[in-house]
Amino acid sequence: MPVRLIVGAQWGDEGKGKIVDLLSDDADYVVRYQGGANAGHTVVVNGETTILHLIPSGILHPNVRCVIGNGVVINLEVFFKELDKLAEKNIAWQGRMRVSERAHLILPAHRAMEEAEEKGPGAVGTTLRGIGPAYRDKMARIGITIGEFLHRNRFLEALERQRTWRERTVPVLPKKAVDPEAVEAELAPFRERIAPMVGDTGLELYRAAREGKRILLEGAQGTMLDVDHGTYPYVTSSSATAGGGATGSGIPPRFINEVMGVTKAYTTRVGLGPFPTEMLGSEGAALRDQGAEYGVTTGRPRRCGWLDGLALRHAVRVNGLDKLAVTKLDVLSGWPTLKIATAYKVSGCDLVVEFPGRIDFLERAEPLYEEFPGWSEDISNARSWSDLPETARNYLKRIQEIADVPIALVSVGSARDQTIAL
Ligand code: IMP
């Protein structure tokens, strides 16, 4: 299976980091293809937790080459901080970290713009990492690539071009955030450090795939945060679905042989926007505590709710999922009754059984649930299907039926070995 893709089937935070780390055992390359340091991928190995925002989760495997693809937006300071942290943990990344020359930079102006945008109407509850404004500049064709950054004069010219463009369009930006010399002074220390990692990663990956090398494409955020297929406008600014894996890495779409979706056994969401199966009040708070549902990038409490079967089927469809990984099943231990939404009642409409594309429908949706008896046992030591209580197996079987794709992995804790392969 040379090219595999891992994608979030919900609103992000599904536990993709753990799954990518596990599957990296069988990979030569692990590639991030979209997003930036808005992501927070957690990997726990031998009791030690590593949180990765920008670096692919395969980095903990010494033989894996890691690529930041052209579809990613890079904050250089965060990138090097993360590499330095890895070095402190004796994780040797030198010589196996590659960065696309086509990836775009996140600049001080992007963060400044987002600060202002998120203060008023139209706020999305973003991570404030400058992601949206950086992608906006990319699409407006005034973004600056890593390739351009490597040449000081080219970079200064590009910043000047951006500044005059902004002067015509965005009068409120702090001078320091758009002054080419100030921005150059801030970012110059990173130039020499990043230069040896930069290249045509699309070509490298194409050749690697042709040679039969095993490539793992690591999605960030999730289907419901995808700019096209998510709950727009409450989405991130990139293609977080499987299609982004081709455009964001340079690997031709038909080279991707397998797409695995990752879903929690329940649902969480950070930031604003509709969430039909949200549990409000003490129930939601209890699930948040049990699942330690706080954002690893921003520390924000995550909104928690029941599994949404309509959202899951939407993810199966728009990503063409072949398989599912179900994470955090252990968190549901102790709940006497579990629920999965299988339809929505929306005032003025017939019963809704497919995830609606219209935000006003979602805002009015009242989920109709199927109920399942829960289990009281601690299942964090389960390592096989037969170790799970029958009620847990029935819950998983129903998820599989609703999704109509097989469950390949079940995660019952954050450690690598707390996994059931089916
Ligand atoms: P942005 O990606 O910072 O622009 O934020 C847009 C929306 O996506 C907000 O609701 C964020 O909370 C959400 N978001 C972005 N990255 C992640 C993630 O990695 N996990 C979960 N939510 C995310």
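The values are calculated or read from the model by the stated rules, or taken from the named source; none is laboratory data. In this text the structure is predicted, and so the values were computed from the model without any measurement. Note: ideal-geometry Cβ built from the backbone for every residue, glycine included; neighbour counts use all protein chains shown. Each accessible area value is taken on the protein alone, full model and side chains, heavy atoms only, with ligands, DNA and RNA left out. Shrake-Rupley method; radii C 1.70, N 1.55, O 1.52, S 1.80 Å.
Couple of notes before you dig in:
- Solvent-accessible area, 1.4 Å probe, carbon plus sulfur percent, for the chain: 51
- Subtracting the Cα-Cα distance of GLU77 and LEU351 from 0.36 nm times their residue separation leaves 93.7 nm of extension gain.
- Most to least packed among 255-264, 33-42 [average Cβ atoms within 10 Å]: 33-42, 255-264
- Highest-first arrangement of 178-187, 105-114, where packing means the average Cβ count within 10 Å: 105-114, 178-187
- For HIS41, the residues 5 or more places off, or on other chains, whose built amide H falls under 5 Å of its own are LEU52, HIS53.
- Dipole of the chain [Lys/Arg +1, Asp/Glu -1 at C-beta], most positive-end residue of ILE19, ALA209, LEU324: ALA209
- Rolling a 1.4 angstrom probe over the protein heavy atoms with all chains in place gives region 104-191 an accessible area of 51 Å² per residue.
- The mean accessible area for residues of region 1-97, using a 1.4 Å probe and ignoring ligands and nucleic acids, is 31 Å² per residue.
- Probe 1.4 Å, protein heavy atoms only - accessible area per residue of region 262-421 in square angstrom: 42
- Test item: Cα-centred dipole of the chain, Lys/Arg +1 and Asp/Glu -1 on Cβ, debye: 880
- Ranked order, LYS85, LYS397, LYS213, LYS18 - accessible area, probe 1.4 Å, largest first: LYS85, LYS397, LYS213, LYS18
- Taken over the C-alpha atoms, the chain has Rg and Dmax values of 21.5, 66 angstrom.
- Among beta bridges that DSSP assigns inside the chain, antiparallel share in %, nearest 5: 40
- Counting Lys and Arg as +1 and Asp and Glu as -1 over every other residue whose Cβ lies under 15 Å from the Cβ of VAL20, the net charge comes to 0.
- Projecting the Cα atoms of MET139, PRO174, LEU107 onto the charge dipole of region 104-191 (Cβ charges, centred on the Cα centre) puts MET139 farthest toward the positive pole.
- Accessible surface, 1.4 Å probe, highest first, among residues TRP335, TRP385: TRP385, TRP335
- Mean-position separation - Cα centroids, region 256-322 and region 142-200, in angstrom: 37
- Between helix 152-169 and the chain: long-axis angle, C-alpha atoms, 0 to 90°, nearest 10: 70
- Local net charge near GLN290, Cβ-Cβ under 14 Å (Lys/Arg +1, Asp/Glu -1): -1
- Among beta bridges from DSSP that stay inside region 262-421, the antiparallel ones total about 70%.
- Solvent-accessible ranking of LEU280, LEU52, largest area first, probe 1.4 Å: LEU280, LEU52
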